[in-house]
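Accompanying notes for the structure given below.
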Amino acid sequence: MDVFLCRLFSLSSLTIVPMKPYTLSSRMVICVINDFDFVCRCDCDGHHTYPNILAISGFMIIFPAIYFWVCGMYFFSVISASSALSSVVYHSFHHPYVKFVDVILAYVLAFTGTIKLMQSTLQRHSIVGLIGLLQITVIIFINNSTSCRSGDKTILSYHFLLHLLSVSSLICLCVASNQ
């Protein structure tokens with residue numbers, strides 16, 4: 001029932017072949033591809049109770065940005081502040097080009113932040129860094145779990161939790177890097 005089609009490109013034509021049902025790795029690849037496709041899939045868009053909750057929670061990324069600045073981690077400060085701004089604009093207007101910028105900033109922050117957090121945790125044997133890595137694991141699970149999604153959209157409460165965990169893991173990064 002849960003069989004999907006995969007497009008395999010060759011030089012001569014487009015071939016469509018059936019695939020096995022999702023595995024976790026194939027689900028992650030599909031989520032990443034969906035992030036960059038200029039289609040707005042935000043559950044807060046037209047939400048009857050909390051239409052601006054993700055704009056508010058996205059703005060909270062400014063707090064780690066300020067903390068990074070105070071600690072002299074300027075790269076993370078600028079990326080976090082830019083991510084906060086793009087998140088507020090995207091979750092307010094749901095424009096596909098703003099989504100693309102927001103997703104790029106989120107991925108840059110996620111990849112560089114995770115690498116720096118792992119490095120800080122290993123070098124300094126930081127419990128705070130370990131907590132941050134645990135939060136990143138939960139973020140990856142929520143972002144790729146079908147139980148946290150309604151179709152292509154992440155359910156609003158889980159998306160809000162993603163924002164909170166992101167803020168918290170960024171603060172853990174700053175603390176772990178400056179111990």
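Could you give the nm distance between label points at Leu134 and Gln119, where each point is 7 Å from its Cα heading toward the beta carbon?
Here the answer is 2.5 nm between the modelled labels.
In nm, to one decimal, how far is the Cys42 label point from the Lys153 one, both placed 7 Å along Cα→Cβ?
With each label point 7 Å from Cα toward Cβ, the separation is 1.2 nm.
Every number in this text was worked out from the coordinates using simple rules, so none of it is lab data. What you see is a predicted model; the values in this text were computed from it and never measured. Cβ atoms come from the backbone with ideal geometry, glycine included; neighbour counts cover every protein chain shown.
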